[in-house]
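Q: The structure's right below; bear with me while I get my questions together.
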Amino acid sequence: QVHMVESGGGLVQAGESLRLSCAASGSIFSITAMGWYRQAPGKQRELVAHITSGGSRKYANSVKSRFTISRGDAKSTADLQMNSLKSEDTAVYYCYAFIRTEAMGVLLQYWGQGNQVTVSS
């Protein structure tokens, strides 16, 4: 079984920064990519940031140049540095990882429990 734990959410004022962290553990053979989606009430789920095992990064246009995603050396952790936060960034942020639990197993997406980020104006 795979366990996903994320942390780092909170309440900040506009213009301030937060860093989210995500860690995967358990029966893992490999992790090909990690990232975050966010979900705000009444809005579509949005892919915020994505990073592959090779270090390729993608960002939503709304956060590009403000957010930075990175992975640890073991490739089982990820961090999302969020700078210059805006009220529009308020949402629940869900970390994910694409994981194979065995060498020839199927690639599956696993999710963290979610972290509330609230940015006050």
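Q: Considering each of A49, A24, A14, A60 in turn, give the residue that is under 11 Å from the mean Cα position of the chain (by Cα) and surrounded by 13 or more Cβ atoms within 10 Å (Cβ to Cβ).
A: Details: A24 fails: under 11 Å from the mean Cα position of the chain (by Cα); A14 fails: under 11 Å from the mean Cα position of the chain (by Cα); A60 fails: under 11 Å from the mean Cα position of the chain (by Cα).
Selected residue: A49, the only one of A49, A24, A14, A60 that is under 11 Å from the mean Cα position of the chain (by Cα) and surrounded by 13 or more Cβ atoms within 10 Å (Cβ to Cβ).
Q: Filtering region 72-88 down to residues that are modelled with pLDDT of 95 or more and either part of a strand (DSSP E or B) or among the acidic types (D, E) (or both), which residue is surrounded by the fewest Cβ atoms within 10 Å (Cβ to Cβ)?
A: Among those that are modelled with pLDDT of 95 or more and either part of a strand (DSSP E or B) or among the acidic types (D, E) (or both), it is E88.
Q: Taking only pairs six or more apart or across chains, which ones have beta-carbon atoms under 9 Å, a first residue in region 100-119 that is within 30 Å of S87 (Cβ to Cβ), and a second residue that is assigned to a loop (DSSP other than H, G, I, E, B) and among the hydrophobic types (A, V, I, L, M, F, W, C)?
A: From residues that are within 30 Å of S87 (Cβ to Cβ), the pairs are V117/L85; V119/A14; V119/L85.
Q: Also, I was wondering about something else. Just to be sure I understand, how many residues within region 89-112 are over 13 Å from the mean Cα position of the chain (by Cα) and either part of a strand (DSSP E or B) or over 14 Å from G26 (Cα atoms) (or both)? Walk me through it before giving the result.
A: Step one: list which residues in region 89-112 are over 13 Å from the mean Cα position of the chain (by Cα), which gives 89-90, 99-108.
Subset that is either part of a strand (DSSP E or B) or over 14 Å from G26 (Cα atoms) (or both): 89-90, 99-100, 103-108.
Selection size over region 89-112: 10.
Q: Going by the conditions given, is I51 touching a residue at least 60 places away in the same chain (Cβ under 8 Å), of a type in the set (V, I, T) and not in a loop (DSSP other than H, G, I, E, B)?
A: Values: touching a residue at least 60 places away in the same chain (Cβ under 8 Å): no; of a type in the set (V, I, T): yes; not in a loop (DSSP other than H, G, I, E, B): yes.
Here the answer is no, as I51 does not meet what is asked.
The values are calculated or read from the model by the stated rules, or taken from the named source; none is laboratory data. Please read these numbers as outputs of a predicted model, since none were measured by experiment. For neighbour counting, all protein chains shown are included, and Cβ atoms are generated from backbone atoms with ideal geometry for every residue, glycine included.
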